[in-house]
Amino acid sequence: MKNILITGGTGFIGSHTCISLLEDGYDITIIDSLINSSKKVLEGLRDILELTNNFDENKIHFYEGDIRNTSFLQDVFLDSKKKKKTIDCVIHFAGLKAVRESKSNPLLYWDVNVKGSINLLNIMQENDCRTILFSSSATVYGDIENLPFKESSLINPSNTYGYTKAAVENILKNIFDADSSKWRVGSLRYFNPIGSHPSGLIGENSRGKPENIFPYICQVASGIKDKLYIFGNDWPTFDGTCYRDYIHVVDLAEVHKITLKYLLERDSANLTLNVGKGKPFSVLELIKTFERVNNIKINYEFSSRRDGDIAISFADTSKIYNLLKWKPLKSLEDMCKDGWNWQKTCV
Ligand code: NAD
Ligand code: UD1
């Protein structure tokens, strides 16, 4: 079975993808600096697999380290080879994702997200490993008048984080064009991943002050925060709040496995795919659904619009459906129920 290197594998989306791959029998090698996750996630992975008697400690390898450190990356590739677990391909999640921080500390974001990716690609090439699936974001899109966003829509990010994602997509395109017979590259543009594994054993790290809506709702639900501020009720939408394309993280994890399989079955590939449900919900609809399925009241207040926000964002999902015959299975209700199930354990 293939051994897959997962950078950022103890993070939110990475950990769910690890489960999806391990359930199908893949070997995984995780690299993570633990800047936004912890080793406890590895226990969560073990506990989930033990629920179905699927845990095999020889199938999970963990290396703590930073993707900006090339000698560390080289050691991971060499050590894996020595253990007869040569790395066959990479899913690259590791990176920083806070939009506000990216604006105040742009060099850090270019360093981690772009230089870190270049390091990884260099070491992959040196080790003759040329299959990579990259975590991109819907934030790369710029033409907010023409919705839904298609993969061919204008790329024009509005913040540093978005620029770094678009830059790595371009680097992948360049290395593919330079040697298309050797590389298999894919970029997945995620819309709004929320929720958690239904076991409640892994989920999103909600330490500190979350910027995204779902962990914030959970912090209000658990009493860590007393109020959610809704950024604007004067948007040109049905109820005046913004619409987003929420997708369950378990569906998102599954799509990594399916896309990787697609890449591995080809001699050469260069793919960019939207990953969303293609159906947006408003902030108020999200809150009401959360309240209904979890039987909890969310205290909220309307405040002014957030700089850089757009009224509506959702994916055209026809490309991923036509290519992979994949559709997300889980509902907004599932996202709210499972997400809260995990957050309750973090209090
Ligand atoms: P996360 O912060 O939970 O996971 C990222 C992981 O990468 C963390 O475990 C962190 O410790 C690790 N990491 C960060 N910098 C590192 C470095 N220099 N070296 C090694 N490890 C490092 O985030 P996530 O939500 O799981 O996101 C995963 C990827 O998906 C990121 O690249 C993010 O930009 C992208 N993405 C996320 C969302 C979202 O809403 N969560 C949306 C679009 C794209
Ligand atoms: C944000 C980022 C985007 C990034 C994405 C996923 C901005 C401008 N955009 O997108 O680059 O790819 O997260 O990480 O930061 N909201 C509130 N109150 C809150 C938090 C959010 O009302 O406390 C609203 C927002 O205005 C938005 C919706 O909830 O309308 C969703 O917000 P969020 O979860 O931050 O996602 P995006 O805005 O899609």
Quick one: in the stretch 290-315, which of the residues that are assigned to a loop (DSSP other than H, G, I, E, B), within 23 Å of G142 (Cβ to Cβ) and open to solvent by less than 80 Å² (accessible area, probe 1.4 Å) is nearest to ligand 1 (Cβ to nearest atom)? S313
Pick out, from the stretch 113-223, the helices (runs of 4 or more DSSP H) lying fully within it that include 3 or more residues that are touching a Pro at 6+ places or on another chain (Cβ under 6 Å). 160-178
Scanning the stretch 205-214 for residues that are at pLDDT 95 or above and either more than 13 Å from ligand 1 (Cβ to nearest atom) or open to solvent by less than 40 Å² (accessible area, probe 1.4 Å) (or both) gives F214
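Rundown of residues vs (1) open to solvent by less than 40 Å² (accessible area, probe 1.4 Å); (2) basic (K, R); (3) within 11 Å of ligand 2 (Cβ to nearest atom), yes/no style:
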{"position": "I123", "(1), (2), (3)": "yes, no, no"}
{"position": "E126", "(1), (2), (3)": "no, no, no"}
{"position": "I132", "(1), (2), (3)": "yes, no, no"}
{"position": "S136", "(1), (2), (3)": "yes, no, yes"}
{"position": "D143", "(1), (2), (3)": "no, no, no"}
{"position": "P148", "(1), (2), (3)": "yes, no, no"}
{"position": "P157", "(1), (2), (3)": "yes, no, yes"}
{"position": "T160", "(1), (2), (3)": "yes, no, yes"}
{"position": "L172", "(1), (2), (3)": "yes, no, no"}
Please find, within the stretch 82-100, the residue that is most open to solvent (accessible area, probe 1.4 Å) out of those that are in contact (Cβ under 8 Å) with a residue 12 or more places away in the chain and assigned to a helix (DSSP H, G or I). R100
Test result for H61, within 16 Å of ligand 2 (Cβ to nearest atom) and either open to solvent by 20 Å² or more (accessible area, probe 1.4 Å) or part of a helix (DSSP H, G or I) (or both): no
Count, please, the residues in the stretch 316-347 that happen to be open to solvent by 40 Å² or more (accessible area, probe 1.4 Å) and either touching a Pro at 6+ places or on another chain (Cβ under 7 Å) or assigned to a helix (DSSP H, G or I) (or both). 13
May I ask you to verify whether V275 is of a type in the set (V, I, T), within 24 Å of the chain's Cα centre (by Cα) and within 19 Å of L329 (Cα to Cα)? yes
Would you check which residues across the stretch 26-58 are of a type in the set (A, V, I, L, M) and either within 15 Å of ligand 1 (Cβ to nearest atom) or exposed (fewer than 15 other Cβ atoms within 10 Å of the Cβ) (or both) and list them? I28, I30, I31, L34, I35, V41, L42, L45, L51
Taking A167, is it more than 15 Å from ligand 2 (Cβ to nearest atom) and open to solvent by less than 30 Å² (accessible area, probe 1.4 Å)? no
Given the conditions (1) of a type in the set (S, T, N, Q); (2) away from ligand 2 (no atom under 16 Å from the Cβ); (3) within 22 Å of F93 (Cα to Cα), report the number of the one that N274 does not fulfil. (2)
Give the stretch 257-289 a look and list any residue that's in a helix (DSSP H, G or I) and of a type outside the set (K, R), or say none. I258, T259, L260, Y262, L263, L264, V283, L284, E285, L286, I287, T289
Search result, residues across the stretch 257-291 that are without any contact (Cβ under 8 Å) to a residue 12 or more places away in the chain and touching a strand residue (DSSP E or B) at 6+ places or on another chain (Cβ under 6 Å): none
Filtering the stretch 181-219 down to residues that are hydrophobic (A, V, I, L, M, F, W, C) and over 13 Å from the mean Cα position of the chain (by Cα) yields W183, V185, L201, I202, I213, F214, I217, C218
Breaking point among (1) open to solvent by less than 70 Å² (accessible area, probe 1.4 Å); (2) outside any loop (DSSP other than H, G, I, E, B), for L107: (1)
For the stretch 228-256, name all the residues that are open to solvent by 30 Å² or more (accessible area, probe 1.4 Å), among the hydrophobic types (A, V, I, L, M, F, W, C) and in a strand (DSSP E or B). F231
What single numbered condition from (1) away from ligand 2 (no atom under 16 Å from the Cβ); (2) in contact (Cβ under 8 Å) with a residue 24 or more places away in the chain; (3) open to solvent by less than 60 Å² (accessible area, probe 1.4 Å) fails to hold for I13? (1)
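For (1) within 28 Å of T289 (Cα to Cα); (2) touching a helix residue (DSSP H, G or I) at 6+ places or on another chain (Cβ under 7 Å); (3) within 16 Å of ligand 1 (Cβ to nearest atom), each residue gets a yes or a no:
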site	(1), (2), (3)
C129	no, no, no
F134	no, yes, yes
Y141	yes, no, yes
I155	no, yes, yes
K173	no, no, no
A178	no, no, no
S181	no, no, no
R184	no, yes, no
S196	yes, yes, yes
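The values are calculated or read from the model by the stated rules, or taken from the named source; none is laboratory data. Everything quoted here is computed from the prediction, not taken from an experiment. Quick reminder, even Gly has a Cβ in these numbers, built from the backbone with ideal geometry, and neighbours come from all protein chains shown. Accessible surface areas use protein heavy atoms only, side chains included; no ligands, DNA or RNA. Shrake-Rupley method; radii C 1.70, N 1.55, O 1.52, S 1.80 Å.
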